[in-house]
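The structure appears below as structure tokens.
The values are calculated or read from the model by the stated rules, or taken from the named source; none is laboratory data. Bear in mind the structure is a predicted one, so any value in this text is a computation, not a measurement. Ideal geometry is used to build each Cβ from the backbone, glycine not excepted, and the neighbour counts take in all protein chains shown. Just so you know, the surface numbers come from the protein's heavy atoms only, side chains and all, with ligands and any DNA or RNA stripped out. Shrake-Rupley method; radii C 1.70, N 1.55, O 1.52, S 1.80 Å.
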Amino acid sequence: MVLNNDGKPQYISKYFETVDGVITFIKQTGLEEIFSNRQIKNLVDYVFGVEVGLDTNARKNRSGHVMEELIANKFTKFGIKFRQEVYSTEFPSIENVLGQDKKRFDFVVETGNKTYLMEVNFYSGGGSKLNEVARAYSELAPKINSVDGFEFVWITDGKGWHSASNKLEEAFYAIPSIYNLTTIKDFIATLK
């Protein structure tokens, strides 16, 4: 299963049933760029991970960027005005509660009475990263939420949470606004 452009789950095999589906798959996965820019010296090695393995830093947040794009598309679809990659230094009152910590938020949505500072991520696998992120956001959210007119929102998803569900459950107590790709519609409804 993969998420299509609309953020809906779809079997990957569906892409290969038609020529148009194959073309869509090649474009949306970035393979078109890989094939056309000729930076890959040996496609077989690339496919088996030799060249990819050498560039793990570039790959490590690929699913996070895909998730950000999905959320941006949803906001755009519903007419929600937003900004991306906004630094905490733009908000003096937030800077005061964060102290020396400087934070870059994935999304900011400003409504008439509230500013939502958002983090977005997707975990396809488990590991200690999920626990660390849940802990960090559980500490960050109360600080932001203590400032009148601001709210921290965490949008996260992925099967990686199956192995760390206890940490996610703990985070729900500290972060009132946690959403996933299914419940994001509830958050969007509060913005309208």
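For the reader, a short list of remarks on this structure follows.
- Some residue of region 134-153 being of a type in the set (Ser, Thr, Tyr) and touching a Leu at 6+ places or on another chain (Cβ under 7 Å): no
- In region 74-113, residue nearest to LYS192 (Cα to Cα) [restricted to those that are within 17 Å of the chain's Cα centre (by Cα) and of a type in the set (S, T, N, Q)]: THR76
- Top-ranked residue in region 138-152 [being open to solvent by less than 60 Å² (accessible area, probe 1.4 Å) and either in a loop (DSSP other than H, G, I, E, B) or more than 17 Å from GLU95 (Cα to Cα) (or both); ranked as modelled with the lowest pLDDT]: SER138
- Of all residues in region 169-181, those that are under 18 Å from MET67 (Cα atoms) and either in a helix (DSSP H, G or I) or without any contact (Cβ under 8 Å) to a residue 24 or more places away in the chain (or both) total 0.
- Subset of region 102-133 that is out of contact with any Phe, Trp or Tyr (no Cβ under 9 Å at 6 or more places or on another chain) and touching a residue at least 12 places away in the same chain (Cβ under 8 Å) - its residue that is least open to solvent (accessible area, probe 1.4 Å): ASP106
- Some residue of region 155-164 being open to solvent by 20 Å² or more (accessible area, probe 1.4 Å), part of a strand (DSSP E or B) and at pLDDT 90 or above: no
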